[in-house]
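Below is one structure, written out as structure tokens; the observations come after it.
The values are calculated or read from the model by the stated rules, or taken from the named source; none is laboratory data. No experiment lies behind these values; they were computed from the predicted model shown. Cβ sites come from the backbone with ideal geometry, for glycine too, and all protein chains shown count toward neighbours.
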Amino acid sequence: MKGVFTGTRGILWGPESKVQRCLARTRRGTPCQRPAEINPLTGKRKRCRFHGGLAGCRTAEGKARIGAANTKHGRFTKAAKEKRKAELEVKRDALATRRMELAYLQAEGMRLKRELARERRPAELVPNRNRPLVVSPVKLDD
Ligand SMILES: [Zn+2]
């Protein structure tokens with residue numbers, strides 16, 4: 001093993017190394033074989049220093065500054081989305097109430113129509129469940 005770094009952590013480079021690999025997809029399509037390093041933001045050892053991504057900002061002030069710089073109209077902020085969702089919910093509730101009212105009024109209209117028709121018919125034609133059904137005999141001679 002001449003020329004291979006063998007420190008206290010063992011072999012760091014080469015196929016014999018047992019360190020965790022980056023395994024990000026390279027431009028060749030093969031998994032990256034560089035050793036994974038600890039990401040200072042997440043504290044996790046996942047990717048090499050080339051594939052770990054940008055450090056980004058850490059302070060709340062820096063995050064707010066970047067958020068403000070990337071916001072054009074605020075239409076898609078969490079608050080705006082929540083507001084739209086709540087408004088939609090109110091509209092849906094109102095629509096459901098109106099639909100129920102409409103169904104009730106339609107049923108009431110049908111009931112009144114039936115009542116009116118019953119009032120206009122002669123009494124003997126009005127169906128009455130309490131009256132026995134009388135079927136007149138049919139003559140087959142004709
Ligand atoms: Zn990598």
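Among the residues that make up segment 63-82, is at least one of them on the phi > 0 side of the Ramachandran plot and modelled with pLDDT under 95? Yes, that holds for at least one residue. All of (1) on the phi > 0 side of the Ramachandran plot; (2) within 16 Å of the ligand (Cβ to nearest atom) hold for LYS46 with one exception: (1). Restricting the first residue to segment 13-27 and requiring it to be at pLDDT below 75 and of a type outside the set (A, V, I, L, M, F, W, C), which pairs with a second residue that is more than 11 Å from the ligand (Cβ to nearest atom) and in a loop (DSSP other than H, G, I, E, B) meet a Cβ separation below 6 Å and a spacing of at least six or different chains? Note: pairs meeting the criteria are GLY14/VAL4. Is it true that LYS83 is of a type outside the set (Val, Ile, Thr) and more than 30 Å from ALA24 (Cβ to Cβ)? Considered against the rule, which asks whether it is of a type outside the set (Val, Ile, Thr) and more than 30 Å from ALA24 (Cβ to Cβ), LYS83 comes out as yes. Look at segment 41-68: where a residue is small (Gly, Ala, Ser) and a partner is surrounded by 11 or more Cβ atoms within 10 Å (Cβ to Cβ), sitting 6+ places away or on another chain with Cβ atoms under 6 Å, you get GLY52/ASN39. Taken over segment 48-84, the criterion of being surrounded by 10 or more Cβ atoms within 10 Å (Cβ to Cβ) and assigned to a helix (DSSP H, G or I) is satisfied by GLY62, LYS63, ALA64, ARG65, ILE66, GLY67, ALA80, LYS81, GLU82, LYS83, ARG84.
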